[in-house]
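First the structure, in the form of structure tokens, and then the observations on it.
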Amino acid sequence: MEDRFGRKIEYLRISITDRCNMRCRYCMPDGIEKVSMDRILTYEDILRIAEAAVSIGITRFKITGGEPLVRLGCPGLVKNLKAIPGVEQVTLTTNGMELARYMDELAAAGLDAVNISLDTMDPDRFRYITQCGDLAMVMSGIDAAVASGIRTKVNCVPQKGFNDDEIEKIADFAFEKGIDVRFIELMPVGSADAGSGLSNEDLLERLRAVYPELEPDESIHGNGPAVYYYIPGKRGSIGLISAMHGAFCDRCNRLRLTSQGVIKPCLCYDETVDLKPALSGTISDIKDKLAEAISIKPKQHCFNDDPERVEKRQMSQIGG
Ligand code: SAM
Ligand code: SF4
């Protein structure tokens, strides 16, 4: 289905939990309230929403959170989503802590791709930014993903004075593993301070200094707004998600479903459409609510122009 601006909406990010086994400082700061389990969508509800989504042309799904792998039964959800007629792709975004444990099950369930967050390769910094993460477990998760043969990417959010000296190292790591790395500009969602983020324009300049042979990569790498570069002869690409400084809203193809059953048409704003009342009705009722969400999808974000209007809830609560 197309929105008011002619954008084809075909991709839904499904947050299955607001909980997490890490506490990344820019995403889930201390003290944020957890949603009680009785307010979280059941897997049955999520599958009905997906069925309704497919009926209006949304055929690709990303499972996210919070940390999706802390919710029991995630591989089963992947399998059941994949079984819905018309579903083209089911992918997962994870912090990687539990990935080694679940990778075989996820692969057997038919997972199409996995994104793993990796902001730093320094164990002490990793512990600092995640507050309770274990880099070695994440590395095992990345290895398990690569070994499974499933398309694997790492996501890194560069931050001044924290990991901005590791950009080249993380890019090298991705080339070594033959996987893509995406650098995501820090967005001012929740309590994140976008001022501490690095602009992808600066980052590209730095990468060009190390890899003068970097070339734009026009091939399709996923469902997102990343712009890719590659180095002839090397496996893996570098993707830039210029959430703050890039103009990609005209290509936006997505909705977000929070773990509580609310559709966010745009990450930036707190305008939502609540699907829950429709869940006791028919698939057609859910479809109408999804169509309503598409109809109010704004033209573009206002991260730079109108900070007062930007979503105040934390990324882990919305579903990143
Ligand atoms: N727990 C999973 C993970 O860490 O990949 C999935 C959820 S997490 C919210 C998804 C992605 O959002 C992560 O790569 C994280 O780094 C990113 N993220 C969180 N807050 C952000 C922000 N304010 N700006 C940009 N990216 C952010
Ligand atoms: Fe958890 Fe992912 Fe947020 Fe880190 S970025 S706190 S791992 S949801």
Does any residue in the stretch 98-119 that is at positive phi come within less than 7 Å, Cβ to Cβ, of a residue that is in a helix (DSSP H, G or I) and of a type outside the set (Phe, Trp, Tyr) six or more places away or on a different chain, and which pairs are these? Gly110/Val78; Gly110/Lys79; Gly110/Lys82
Name every residue in the stretch 16-56 that is within 30 Å of Gln159 (Cα to Cα), surrounded by 17 or more Cβ atoms within 10 Å (Cβ to Cβ) and of a type in the set (A, V, I, L, M, F, W, C), in order of residue number. Ile16, Cys20, Met22, Cys24, Cys27, Met28
Please name all residue pairs, on different chains or six or more residues apart, with Cβ atoms under 7 Å, provided the first residue is in the stretch 199-223 and is of a type in the set (S, T, N, Q) and the second residue is open to solvent by 70 Å² or more (accessible area, probe 1.4 Å). Ser199/His245; Asn200/His245
Is it the case, given these coordinates, that Met137 is closer than 19 Å to Leu72 by Cα, out of contact with any Pro (no Cβ under 9 Å at 6 or more places or on another chain), touching a residue at least 24 places away in the same chain (Cβ under 8 Å) and open to solvent by less than 40 Å² (accessible area, probe 1.4 Å)? no
Please go through the stretch 140-183 and pick out each residue that is assigned to a loop (DSSP other than H, G, I, E, B) and either in contact (Cβ under 8 Å) with a residue 60 or more places away in the chain or more than 24 Å from Asp202 (Cβ to Cβ) (or both). Gly149, Ile150, Val157, Gly178
When the stretch 165-192 is examined, which residues are found to be in contact with a His (Cβ under 9 Å, 6 or more places away or on another chain) and either open to solvent by 30 Å² or more (accessible area, probe 1.4 Å) or within 16 Å of ligand 2 (Cβ to nearest atom) (or both)? Arg182, Glu185, Met187
For Arg13, which of the numbered conditions (1) in a loop (DSSP other than H, G, I, E, B); (2) within 16 Å of ligand 1 (Cβ to nearest atom); (3) open to solvent by 20 Å² or more (accessible area, probe 1.4 Å) fails to hold? (1)
What tally of residues in the stretch 57-94 results from selecting those that are β-branched (Val, Ile, Thr), open to solvent by less than 10 Å² (accessible area, probe 1.4 Å) and touching a Lys or Arg at 6+ places or on another chain (Cβ under 9 Å)? 5
Going through the stretch 108-120 one residue at a time, which ones are away from ligand 2 (no atom under 16 Å from the Cβ) and open to solvent by 40 Å² or more (accessible area, probe 1.4 Å)? Ala108, Asp112
Please specify each residue of the stretch 121-164 satisfying the condition of being within 13 Å of ligand 2 (Cβ to nearest atom), closer than 19 Å to Leu240 by Cβ and among the polar types (S, T, N, Q). Asn155, Gln159
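The values are calculated or read from the model by the stated rules, or taken from the named source; none is laboratory data. This structure is a prediction, so every number in the text was calculated from the model and none was measured. For neighbour counting, all protein chains shown are included, and Cβ atoms are generated from backbone atoms with ideal geometry for every residue, glycine included. These area figures cover heavy atoms from the full protein model, side chains too; ligands, DNA and RNA do not enter into them. Shrake-Rupley method; radii C 1.70, N 1.55, O 1.52, S 1.80 Å.
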